[in-house]
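Down below is the structure, laid out as structure tokens.
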Amino acid sequence: MKKSIVLLISLFFIAAVSLLIIQNLKDTDSYINEQNSKFTKTQIMFLLNNAKDEVSKILSKNQENDISSYLDIDYPIVVKDAKIIVKLKEYDKYNINLLKSKDEKDYESIKKFFEDNSVYDIETFRYLMKDKQDIKNYKQLDDLLVTVTKESSDKRILDLKNYLGFIKFDKKDTDTNDEKKEILFYELFVKVDYIKQFAKAYYILNKNGGVEYFELSFK
């Protein structure tokens with residue numbers, strides 16, 4: 001029964017996003033002739049942005065409702081010749097920038113996380129981040145982890161990068177087994193396959209659907 005309910009919710013989610021994207025395509029002149037490959041990337045950008053907009057609307061309109069059934073599922077959507085996959089996850093990462101704080105209480109949760117995973121050289125992180133601007137994107141975070149790995153000769157640090165972030169979020173505030181805990185941020189993954197070109201976008205959205213971070217790549 002539970003699987004049936006989850007499936008039904010998933011179908012409603014796909015239908016809602018698909019219909020809204022299609023409607024937007026009909027309502028705007030921005031949907032360029034699909035035969036003109038010169039504008040394929042513009043098409044893809046348009047589809048990515050529309051998918052993000054519709055997920056943001058769903059988050060904004062369902063702040064009082066439990067949307068956990070929508071999470072961690074790949075939703076396939078077909079719009080004309082475009083194949084789109086949308087996935088929404090809870091953002092649940094440790095803020096690496098807390099290691100810059102002079103007060104150990106501010107970074108005790110991320111310190112414990114490192115130690116629980118046999119990474120003990122917190123001071124190298126703190127030394128390299130001292131007097132520098134906060135980490136603001138994943139490229140900067142990756143560079144920091146590589147540098148710390150070289151300085152400490154501990155490659156285990158790289159295994160933890162998927163658990164680390166940089167937005168103003170303290171994981172200890174939501175580090176609970178309570179299923180009804182408030183989700184403050186979400187990760188949105190959108191992939192588009194259109195006319196032999198592929199792109200993927202990554203967003204961090206707040207609980208209101210606002211964009212906190214965005215990155216895009218084409219293949």
Checking the conditions here, which among Leu47, Leu59, Leu88 is part of a strand (DSSP E or B) and at pLDDT 80 or above?
Leu88
Meets criteria (more than 16 Å from Asp170 (Cα to Cα) and either in contact with a helix residue (DSSP H, G or I) (Cβ under 6 Å, 6 or more places away or on another chain) or not charged (D, E, K, R) (or both)) for Leu99:
no
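Give the range 71-125 a look and list any residue that's of a type in the set (Phe, Trp, Tyr) and within 22 Å of Lys207 (Cβ to Cβ), or say none.
Tyr75, Tyr91, Tyr94, listed by residue number.
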Looking at the range 184-195, I want the residues that are aliphatic (A, V, I, L, M) and have a partner that is part of a loop (DSSP other than H, G, I, E, B) and crowded, with 20+ Cβ neighbours inside 10 Å with Cβ atoms under 8 Å, at least 6 apart or on another chain. Which pairs are those?
Leu184/Tyr91; Leu184/Phe169
Of all residues making up the range 173-201, the number that are at pLDDT 85 or above and of a type in the set (Asp, Glu)
2
Run Ile110 past the list (1) part of a loop (DSSP other than H, G, I, E, B); (2) touching a residue at least 24 places away in the same chain (Cβ under 8 Å) and report the number of the one that doesn't hold.
(1)
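In the range 81-121, which residues are of a type in the set (Ser, Thr, Tyr) and touching a strand residue (DSSP E or B) at 6+ places or on another chain (Cβ under 8 Å)? Break it down into steps so the answer makes sense when it comes.
Taking the range 81-121 and keeping what is of a type in the set (Ser, Thr, Tyr), we get 91, 94, 101, 107, 109, 118, 120.
Matches in the range 81-121: Tyr91, Tyr94, Ser109.
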Hey, can you tell me all the residues within the range 54-66 that are surrounded by fewer than 16 Cβ atoms within 10 Å (Cβ to Cβ) and touching a residue at least 24 places away in the same chain (Cβ under 8 Å)?
Lys57, Ser60, Gln63, Asp66
Restricting to the range 90-99, what's the tally of residues that are surrounded by fewer than 19 Cβ atoms within 10 Å (Cβ to Cβ) and under 25 Å from Val146 (Cβ atoms)?
1
Residues being of a type in the set (Ser, Thr, Tyr) and free of Cβ contacts under 8 Å to residues at least 40 places away in the same chain - total across the range 126-145
1
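The values are calculated or read from the model by the stated rules, or taken from the named source; none is laboratory data. Here the structure is a predicted model, which is why all the values come from computation and not from measurement. Neighbour counts run over all protein chains shown; Cβ positions are idealised from the backbone, glycine included.
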